[in-house]
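> Questions regarding the structure given below will be posed in turn.
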Amino acid sequence: MSSNLNIQVRPATLRDAKTIAEIQVNTWQTAYAGLVPADHLKSMSVDKQQALWRESIQYSEPQVLVALDGNAIVGFAGFDRSRDPKTKPTTGEIWAMYAAPDYWGEGVGLALWDGCREGLVDEGCTEVTLWVLLRNERALRFYDLAGFKREMTTAKTVPMGSGKVEEIRLRRSLAD
């Protein structure tokens, strides 16, 4: 992989849903091996994820962006208002952000983050949150560098497959 990629970001279209689903399943099975119960990773279906992403794209909930290397989709992100109870209406949330494993460290995440940040500011949001697996060191490192702060009091255990995972919320201002 060349580090001189020119990653472009655009809104997703319905035709992108299958590729988004393929990236999501591949990324989960690669990045979360050992972090998420194996039965959950094996049960992930491109067809099921494709249906969910088609619906998200169709109804803009969340808003979905794709990252392109040339004409190839190499990552995606979904963002909207925060789904957390009792949050201010000016709080946005990144619901999902994934780069294809072959593109890790190549600027895809940064391009998607820039697109999400711009979209959230356009929506009137002043801060943004997201949830990350507590043991996902790659993602935590990325979000730390992007200026997010860990909210340790938000750590929670979530059932997943035959086991449980721990998640933590991260937050940052959109004014910076």
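> Scaled to the compact-protein estimate 2.2 N^0.38 Å, what is the alpha-carbon radius of gyration of the stretch 1-109, rounded to two decimal places?
In units of the 2.2 N^0.38 Å rule of thumb, it is 1.11.
> What length, rounded to one decimal in nm, is gained on full extension from Ser162 through to Leu52, with 0.36 nm per residue of separation minus their alpha-carbon distance?
Result: 37.4 nm gained on full extension.
> Helix-derived [θ] at 222 nm for the chain: sum -39500 (n - 2.57) over DSSP H runs of at least 4, divide by residue count, nearest 500?
Roughly -10500 deg cm²/dmol at 222 nm, from the helical runs in the chain.
> Got a sec? Charge dipole of the stretch 36-176, +1 on Cβ for Lys and Arg, -1 for Asp and Glu; which of Ala175, Trp131, Met160 is way out at the positive end?
The listed residue farthest towards the positive side: Met160.
> How much accessible area per residue does the stretch 1-135 have, in Å², with a 1.4 Å probe?
Ligands and nucleic acids excluded, the result is 51 Å² per residue.
> While we're here: Can you send over the carbon and sulfur percentage of the accessible area for the stretch 36-141, probe radius 1.4 Å, protein chains only?
Reported share for carbon and sulfur atoms: 48 percent.
> If we sort 110-123, 161-174 on the protection proxy, mean other Cβ atoms within 10 Å, highest first, what's the order?
Peptide ranking by packing, descending: 110-123, 161-174.
> For the stretch 120-130, in order, what is each residue's ³J(HN,Hα) by Karplus, 6.51 cos²θ - 1.76 cosθ + 1.60 with θ = phi - 60°, in whole Hz (x at glycine and Pro)?
Computed from phi, the couplings for the stretch 120-130 are 5, 4, 4, 7, x, 7, 10, 8, 9, 10, 7 Hz.
> Within straight cross-link reach of Lys48, meaning Cα distance under 18 Å, which aspartates and glutamates are found once same-chain residues fewer than 8 apart are removed?
Hits, sequence-local ones excluded: Asp16, Glu22, Asp39, Glu61.
> Computed over the Cα atoms of the stretch 131-173, what is the ratio Rg over Rh, Rh following Kirkwood?
With Rg and the Kirkwood Rh in hand, the quotient comes to 1.01.
> Can you list the HN-Hα couplings for the stretch 46-61, worked out from phi with the Karplus curve (6.51, -1.76, 1.60; θ = phi - 60°), rounded to whole Hz and with x for Gly and Pro?
4, 4, 5, 5, 4, 4, 5, 5, 4, 5, 4, 5, 4, 9, 6, 9
> I need the Kirkwood Rh of the stretch 46-97: take the reciprocal of the average 1/r across all distinct C-alpha pairs and report it in angstrom.
One over the average 1/r among Cα pairs gives 12.1 Å for the stretch 46-97.
> For Val74, enumerate residues with amide H under 5 Å from its amide H, sequence gap 5+ or separate chain, H modeled in the peptide plane.
The list, which skips near neighbours in sequence, is Ala67, Leu68, Asp69.
> What is the ratio of the Cα radius of gyration of the stretch 65-176 to 2.2 N^0.38 Å, where N is its residue count, to two decimals?
1.08
> Based on DSSP, what percent of beta bridges with both residues in the chain are antiparallel, to the nearest 5?
Here the antiparallel bridges make up roughly 90 percent for the chain.
The values are calculated or read from the model by the stated rules, or taken from the named source; none is laboratory data. From a predicted model like this one, the values you see are computed outputs, not experimental measurements. All Cβ positions, glycine included, derive from the backbone under ideal geometry; neighbour counts span all protein chains shown. Surface areas here come from the heavy atoms of the whole protein model, side chains and all, with no ligands, DNA or RNA. Shrake-Rupley method; radii C 1.70, N 1.55, O 1.52, S 1.80 Å.
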